[in-house]
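The numbers here are math on the coordinates, done by the rules we state, and not lab data. These numbers come from a predicted model, not from an experiment. Here the Cβ positions follow ideal geometry from the backbone for every residue, glycine too, while neighbour counts run over all protein chains shown.
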Amino acid sequence: MSEYRLVNPIISEVKTLVEEERFREALACVEKELNAEISKHSKFELLSLRCFLFRHAGAEQKALADADECIKLSPEEAKGYVLKAEVLNSLKQFADAINVVKLGLARCSEGSELEKLKRLVEGRIELKKAKESLGKGDSRKSIHLFTNLLRQPTAAVADADLFKVRLHRSRAFVSERKWQEALEDARECVRMSPKDARAWTALSTAYDGMGRIQEARAAY
């Protein structure tokens, strides 16, 4: 117990550094502490923090290694599986991410975070299918898939993905010459991400298709 009390302030310090976006200092602090003799619990917490820091630095393979180590240290705890699935999800290895989530659900008594992550990954899979359909010129099928995604509970689609769903559905509506529907999605894109040029381009395209030339120029 005394060992945990000794390292606990270090974990708090690292979390503070992360909150302040002092990531290099946080990583150095974690790696120094991991070289010391620490408890299993403390090692788990530090590895999970380093996993996050590696992900932030774009070192996904190192992040995966730390997530695997977390699972080995505490296979009954959901956090390790969540960490690994999140890395795989960011790498767009969706099937692998789902398998990790399922393994975690089978081993862990508390699986609410895993269930939430499972829905998010499944949403990413459906988004990929919809984009592929649009890319192949099947705009009707893509509209159907995008619409199904928007009908899912909020937890099933990440905020960043909601923007993509609206943006690509607007483009699909343009392909079908459904200008009003395209306009509504484009407006929502502008509301969600007013600094994203793609949203304004979609808005301009919809206005142009409706013959509202002045508004199209203003949006562009």
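For this structure, a couple of remarks:
- Candidate cross-link partners of K131 among the aspartates and glutamates, defined by an alpha-carbon separation under 15 Å and a same-chain spacing of 8 or more, comprise E122, D161.
- Computed about the Cα centre, the dipole magnitude for the chain is approximately 1040 debye when only Lys and Arg (+1) and Asp and Glu (-1) carry charge, each at its Cβ.
- Between A59, A199, A36, the Gaussian network model of the chain with springs among Cα atoms under 10 angstrom shows the greatest mean-square fluctuation at A36.
- Peptides 91-103, 169-181, 204-216 ordered by average Cβ neighbours within 10 Å, highest first: 169-181, 91-103, 204-216
- Förster radius 30 Å - calculated FRET efficiency between Q214 and Q180 (Cβ-Cβ, nearest 0.05): 0.95
- The chain: calculated mean residue ellipticity at 222 nm from DSSP helix runs of at least 4, using -39500 (n - 2.57): -26000 deg cm²/dmol
- In this structure, the residue pairs whose Cα-Cα separation is over 22 Å, taken from K118/K141; K164/K195; K40/K116, are K118/K141; K40/K116.
- Dipole-positive endmost among A28, S42, L167 within the chain (Cβ charges, Cα centre): L167
- Most fluctuating residue given options R124, R191, R107, as computed from a GNM of the chain linking Cα atoms under 10 Å: R191
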